Amino acid sequence: QPRRSIRPMPRPRAKPGPRYKTAPLTSFDAHPTLLLLLSVLPPRPPPPPPTHPHRAGLSPLSRLPHGLRRRFRRLLRQRPVKTINANSVSFSAPRKDNVSFRLQPVPQRFSVRCAAKKETVEKVCDIVKSQLALADDTVVSGSSTFADLGADSLDTVEIVMGLEEAFGISVEESSAQTIATVEDAANLIDSLVAN
Amino acid sequence: MRHHHLLLRCRAMPLLPLPPRTLRVSGGLVHHRLIRCHGMPIPRRTPGVSGGRLFASLPLPPPLQSPREVHVWYLCPDELNNQSQLNMYEELLSPSEREYADSMKATMLRKDVVLSRALLRTTLSRYTGCKIDPRSFEFKKNKFGKPEVLWPLDDSTAEQPLHFNISHTTSLIACGIAINAHIGIDVEEKKRNTTKNILSLARRYFTPSEVDSLAEISDSDAQRKEFLKLWTLKEAYVKALGMGFSGAPFSTFSIMLETSKGIRISKTSNASRPGYDHLSENWLFTLAELNSSHYMSVCIEDSSRSQGPEDSPAPVGLKVWKTVPFVEDTLVSGTEAVKLIA
């Protein structure tokens with residue numbers, strides 16, 4: 001029986017920070033879906049604020065924020081709770097109706113640059129080919145590095161100057177230094193042209 | 001199968017005669033102690049050099065007398081076409097260097113990579129009195145990508161560390177060595193043509209005073225050569241500083257060729273922006289013409305404290321050798337092949 005307090009529960013406003021806490025799984029008679037939910041949750045958020053005194057209840061569930069608790073209670077009411085041996089848990093894949101809220105994929109921490117526009121890459125390849133006087137059958141693609149194509153420092157600055165003239169941009173030395181491949185150059189050009 | 005004592009291909013140990021390459025093949029798997037030991041492939045037997053003390057045949061160079069002395073060793077890739085010799089050089093490379101060479105699709109570039117690493121390793125080995133096997137040098141990169149030797153902690157040469165820098169053009173690879181001073185070297189072909197107009201390149205990358213001095217030259221060929229001289233000097237400085245092109249953009253410092261104190265460098269007003277405090281002016285330069293076909297610039301740190309306003313710094317002691325590692329070395333400095341310009 002969940003402990004009911006005498007005073008009405010203040011309804012907390014949505015506050016920033018962790019929306020939920022990951023509860024320990026060891027002593028937990030849980031619905032299989034719950035286990036799945038908790039296992040795919042993002043890594044442990046920063047330490048939570050001190051719990052409300054009357055919230056430190058018997059069941060770990062009662063320590064969860066109010067809104068989440070309501071949802072879990074609704075979930076639990078749908079199926080009878082079975083005692084599960086935590087060592088050998090097997091559950092079927094959750095069906096769409098089991099989960100009442102969508103799990104978002106964890107956002108990537110590093111930013112992946114979008115591929116540069118194809119026309120930009122082609123134009124860069126043309127400029128590089130003409131600067132380095134490469135044979136017509138030499139393959140220059142997005143992944144070719146300037147070192148592979150035999151460009152030395154003077155070639156590189158001439159290429160950069162050629163790109164500046166062709167695209168009407170100005171490349172800082174610090175950005176130019178990060179360019180290793182044709183694709184890098186095209187990315188940089190796209191970002192400079194967009195601004 | 002012949003048994004032999006377990007030869008640990010320990011990198012610090014001098015080479016013993018290579019073990020006979022008898023491989024016991026059973027069930028398709030090749031069993032050999034050395035493969036199992038280190039995962040390193042057994043080197044091909046090197047023709048023309050008996051036994052294993054390959055690197056001991058490198059003649060010792062005269063020692064570097066002072067921090068102002070620079071020794072440059074160069075080779076010409078076009079003249080080295082003996083495949084067995086190239087294989088010998090390739091064996092000196094570390095696995096990662098070999099991987100890098102293999103990643104080069106063009107054979108010419110691959111040959112250049114192999115030769116430049118072999119040149120570096122053999123040269124470094126010479127300056128450690130041939131006590132260190134060329135194969136055993138390890139390198140690290142500083143945070144801007146400039147390579148340096150990673151000296152073993154117990155090595156006495158670490159007290160007076162050798163600094164090196166490499167430069168290549170298609171027809172020449174040069175390696176400069178200095179003791180106790182950071183060094184930068186750049187080589188460029190004299191007849192190199194730029195696709196862009198010289199003055200527009202200069203306006204984009206050089207300082208206003210340099211643009212003016214270039215604009216004064218009426219002959220376009222002479223102007224191009226002057227541009228190349230300035231370019232190699234600036235490049236040598238940036239490489240010596242070791243902070244990459246963006247650490248010392250060419251427009252933040254000026255090089256003056258014709259001063260009474262030799263080649264001087266001065267920071268421009270651009271350099272007073274924050275971020276360029278590391279640009280220092282206490283560097284010594286030397287510019288030479290190699291074989292009448294290349295300009296070579298060397299820049300080393302000037303650590304002497306005794307430089308008053310009237311003292312002109314002692315010139316950089318430059319010695320140049322043309323080398324074919326393990327085959328022959330020719331001292332070319334002091335001959336017509338090396339003409340000091342400044």
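Every number here is computed from the coordinates shown, using simple stated rules; none is lab data. Just so we're clear, the structure is a prediction, and the values are computed from it rather than from any experiment. Glycine also receives a Cβ, built like all others from the backbone with ideal geometry; neighbour counts cover every protein chain displayed.
Could you work out how far the C-alpha centroid of the range A:115-179 sits from that of the range B:220-299, in angstrom?
The range A:115-179 and the range B:220-299 have Cα centres separated by 25 Å.
Return the loop-located GluC sites (Glu not before Pro) in the range B:140-224 (DSSP other than H, G, I, E, B) with at most 14 other Cβ atoms within 10 Å of their own Cβ; answer none if there are none.
Answer in residue order: B:GLU159, B:GLU216.
Let me know the shape class of the range B:69-340, please: from the alpha-carbon gyration tensor, a ≥ b ≥ c as square roots of the eigenvalues, rounded when a/c is under 1.5, otherwise prolate if a/b is greater than b/c, or oblate.
It comes out prolate by the Cα gyration axes.
Provide B:TYR127, B:TYR100, B:TYR74, B:TYR89 in ascending order of the number of other Cβ atoms located within 10 Å of each residue's Cβ, fewest first.
Ordered by Cβ neighbours within 10 Å, fewest first: B:TYR100, B:TYR127, B:TYR89, B:TYR74.
Determine the shielding of peptide B:188-196 by partner chains: average, over its residues, the number of Cβ atoms on other chains within 10 angstrom of each Cβ.
3
So which of B:LYS190/B:LYS322; B:LYS225/B:LYS267; B:LYS196/B:LYS229; A:LYS123/B:LYS239; B:LYS131/B:LYS322 end up more than 27 Å apart by C-alpha?
A:LYS123/B:LYS239
Treating cross-link reach as a plain straight distance, find the lysines whose alpha-carbon is under 25 Å from the alpha-carbon of A:LYS117, omitting any fewer than eight places away in the same chain.
A:LYS129
Under a Cβ-only charge scheme (Lys and Arg +1, Asp and Glu -1), can you give me the dipole magnitude of the range B:69-340 about the Cα centre, in debye to the nearest 20?
660 debye
In peptide A:158-164, what is the residue-averaged number of other protein chain Cβ atoms found within 10 Å of each Cβ?
Other-chain Cβ atoms within 10 Å of each residue's Cβ, averaged: 3.
In terms of the Cα gyration tensor, with a ≥ b ≥ c the square roots of its eigenvalues, is the range A:147-195 rounded because a/c is under 1.5, prolate because a/b exceeds b/c, or oblate?
prolate
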